[in-house]
1. As a check on your grasp of the helix formula, calculate [θ] at 222 nm for chain B: sum -39500 (n - 2.57) over DSSP H runs of n ≥ 4, divide by the residue count, round to the nearest 500.
2. Net charge near residue B:202, counting Lys/Arg +1 and Asp/Glu -1 over other residues with Cβ under 14 Å of its Cβ?
3. Taking only C-alpha pairs under 8 Å that are 6+ residues apart, what is the relative contact order of segment B:141-274 in percent?
4. Relative to the compact-globule scaling 2.2 N^0.38 Å, provide the ratio for the alpha-carbon radius of gyration of segment A:2-332.
5. Using Cα centres only, tell me the gap between segment A:286-314 and segment A:160-192 in whole Å.
6. Mean-square fluctuation check for chain A, GNM, Cα pairs under 10 Å: which of A:93, A:311, A:12 is largest?
7. Pop out the Kirkwood hydrodynamic radius of segment B:253-305 from its pairwise C-alpha distances, inverse of mean 1/r, in Å to one decimal.
8. Please report the relative contact order for chain B, taking Cα pairs under 8 Å with a sequence separation of at least 6, and give it as a percent rounded to a whole number.
Amino acid sequence: MKKLLTRHETYVFLAIVVFSIIITSINPSFFTIENLFDLLKSYSLMGTFAIGMLFVLISGGIDISFTATATITGYVVAVLLLKYGEGLNILSVFLIAGGIGILLGLFNAVIIYFFKIPSIITTIATLNIYYGILTVVSKGKWLYGFPTWFGDFNNIRVFTLYTADGNPYGLSIITVIWFALILIGWFILRYTILGRSIYAMGGNPASAQRAGFNLLGLNLFVYSFMGLMAGIGSVIQALLVQTVAPNSLVGKEMDVIAAVVLGGASLTGGTGTMLGTILGVTLIAIMGNGLTLMHVSSLWYKVIIGFVILVSVGVSAYRSKRSTRKHIITEVN
Amino acid sequence: MKKQMFWARFLSLVVVLSLLAACAPQAQPTAEVKEPYEIAVVVKITGIPWFNVMETGVNRAASELGVNAYQTGPAQADPAQQVKMIEDLVAKGVDAIAVVPNDAKALEPVLQKAKEKGIIVITHESPDQVGSDYDFELIDNVKFGEHAWDQLVEHMGDSGEYAVFVGGLTVPLHNFWADTGIAYAKEKYPNLTLITERIPCGEDQELARQKTLELLKAYPNLKGIVGFGSLGPIGAAQALKEKGMTDKVAVVGTVIPSQAAPYLKEGSMKEGILWNPGDAGFGMVWLAKYILDGNKVANGTDIPGIGPVTIEGTVIKADAMMDITPENAESLGF
């Protein structure tokens, strides 16, 4: 119990519960399975990006370029779909997008590792390069009118329920994909040497190197994993809206980083959990959803999100400051 | 000795070069033949279908009228970036600038500066613009706003709850149409109820989809959505289709016909309203050249392919509003 109280996730979870109670008391339709399924589907995109971001943040880096990576992978996939639509299937689409994402991620890692440029600078630069190249090549054209199988895949539900009015809803296949990615990420972080090494590198890169960890390998893994998530995310987005617009993702990096940080990952590396990240995404999701359901003008959304992030990060910083102080006092004694 | 030789050569070279430079313009007086006018069209954001179609009009005007006209714009719909681009064009000294503003207010100083330099400034979709010579509208904006609500009522009936999407709160025309339409509805359709403030999601399909899903739950009696911004109605239609509620909520608004065609056909979107952005591109360039040639725009001035215009103050209006229906959406060519 005491251990539970020291965990950041507990507080995020409590915040979610409090917000949920407030929203439900104003509009009961918030706390319905239908709304839950809708939210899970809509936020699968942000959630997928967040998994990759969590890995990067734990490793002590940051990746701003993933939206540009996703824009490129999404665009390539869209072009292929329009050209060879019937010859592709959903698996090949994910593989192509993921593969390109991994390559772009590797490029980031190589620059960060060999030139020792801070990851934020590197990825701001590659964001511009990737996005710039895409704008030049694509002239910014939107792509739509994908083959019907691609649209149909978006509407697959693992099981289907009906509302009182007879409208169908259910757990979307897209949500299932997101859940599978969460499980994979969680397993890597928690139960593999690779995962533990990422924590070690993020906590203290110098001692991790002395302890014999392969920092190059770890960097390559972390950024290519982010690239993979960006690639998968771009397909999820294309599935969700059935349009690939070069300007629809770039600019949303901070929302994802905010969600992961909200879930307890530290920008200085070494900390963060999959559970926290899911909670962070959930909190941001229900706030956006809840405001509309409470009949609050959506113009307030950003203000409130900003405050929540500030309070959350402030509380966790205050707690870690207090715990180090306690630590020092006990050491002196 | 060697050094002296060097200087002598160097000096003679300088003399020869400067002589050449001085002669050059006199040597080829024929090169001074009037250069074609340089007319830059600066749009809100590059790459979206709407402005890609506008660009085809600009390019058509360039080749038909023999002017150096081209279209440019920021990669994001960002007022600051747009201001910067226009500043660069002013510094470059183009003959005319046509702008589709992201933020009318933000552009005032830079348009003023352009005018002081003698550059002709034409805006589009910004009737109250300060700092421009003329504003060109392909439609009568009051009629357009009212017509959108007429369409809404045609498909949802003249009573019930509805919502309004705009591209952003600083986009001049979207908000003008919304203001006009809401006021018109109060007069003519008193039983319509606007459920919430207009929602700025019309240029982001994912957001429009998500907002529509939320609205459906927050306002179970919702019967209609008017969307301005080419992606708002599409996102809304998508949400309705997912929920199987295409018969319960009527979506109308501004859309690109080819993109909206499947939604119009299946009924998740009822009807669209628009003008041809290609005409807007052509018209702006045509007007710029017409004015640069020393002509004065008057009532009845005829723009080829668009028709006669009327002028009120500095606003030049043509009447090219069109309805987009399931029947014509695919044949309009953009």
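Every number in this text was worked out from the coordinates using simple rules, so none of it is lab data. Predicted model, so just to flag it, every value in this text is computed and none were measured. Neighbour counts run over all protein chains shown; Cβ positions are idealised from the backbone, glycine included.
1. Counting only the DSSP helices, I get -15500 deg cm²/dmol.
2. -1
3. 26
4. Cα-based Rg divided by the globular estimate yields 1.03.
5. Their Cα centres are 25 Å away from one another.
6. A:311
7. 13.6
8. 17
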